[in-house]
Amino acid sequence: LTLILFVGSVLGGIPLAILLALGRQSNLPAISALCTGVIELVRGVPLVSVLFMVSLMLPLFLPDGMTIDKLVRAGLGMTVFFAAYSAEVVRGGLQAIPRGQYEAADAMNLGYWTRTRRIVLPQALRVVLPALVSDIVRGFKNTTFVSIIGLYDILGTTRSAINDPVWVRYSIEGYLFIFAIYFVACYAMSQYSRHIEKRVSLRRTS
């Protein structure tokens, strides 16, 4: 469950974050206001509130007879939460692109999406890679919050297990094992990020 929520929120959150960041910088006032409102609204509340909203409030707005599994609702909330924070990271990378890059693309008569896909986004994502990986690591650790709405991730399962009188004596070992899992996973992601940064810097110099 931990891996499903983490991978799903990252794979769905990064494209959504890019769209929100591009939308916030859009010249169309309606799109810019909508994306800004989503980002600021989600960033202004804790993840626990988002999970409670998708778990308890979302079913009230669904048509009669229509239900969405609690796991799907939790994944949707975590995806939107991850995207809102990562959108600001991506927007910082977009703002770091020199104005001359945009002018050069316009001089080549490139369309908006072609310019964004081939020139702007690759450079922006390269700039914000360390910060984006930090958001990914935080997203992995945030999966523990789903136990609040009754989903049993690795931490929630351990808590449930040590409530059994047979296993309560192993509570220290259980929590140490969870600590090791999270530490190894987060450390591996940070090291991989540094590896990518070095490769990118070498390509720049060469």
**Item:** Members of segment 145-164 found to be in contact (Cβ under 8 Å) with a residue 24 or more places away in the chain, under 29 Å from residue 88 (Cα atoms) and in a helix (DSSP H, G or I), listed by number
**Value:** 145, 146, 148, 149
**Request:** Taking the options 32, 49, name whichever one is over 16 Å from the mean Cα position of the chain (by Cα), part of a helix (DSSP H, G or I) and under 16 Å from residue 143 (Cα atoms).
**Result:** 49
**Asked** Can you tell me which residues in segment 167-183 are open to solvent by 90 Å² or more (accessible area, probe 1.4 Å) and either more than 19 Å from residue 153 (Cβ to Cβ) or of a type in the set (A, V, I, L, M, F, W, C) (or both)?
**Response** 167, 169, 172, 176, 177, 179, 183
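Looking at the structure I just gave you, is residue 43 touching a helix residue (DSSP H, G or I) at 6+ places or on another chain (Cβ under 7 Å) and either β-branched (Val, Ile, Thr) or farther than 20 Å from residue 152 by Cβ (or both)?
It is true that residue 43 is touching a helix residue (DSSP H, G or I) at 6+ places or on another chain (Cβ under 7 Å) and either β-branched (Val, Ile, Thr) or farther than 20 Å from residue 152 by Cβ (or both).
The values are calculated or read from the model by the stated rules, or taken from the named source; none is laboratory data. Not measured: the values here are computed from a predicted model. Here Cβ is always computed from backbone atoms with ideal geometry, including for glycine, and neighbour counts include all displayed protein chains. Heads up: the accessible areas ignore ligands, DNA and RNA and are worked out on the full protein's heavy atoms, side chains in. Shrake-Rupley method; radii C 1.70, N 1.55, O 1.52, S 1.80 Å.
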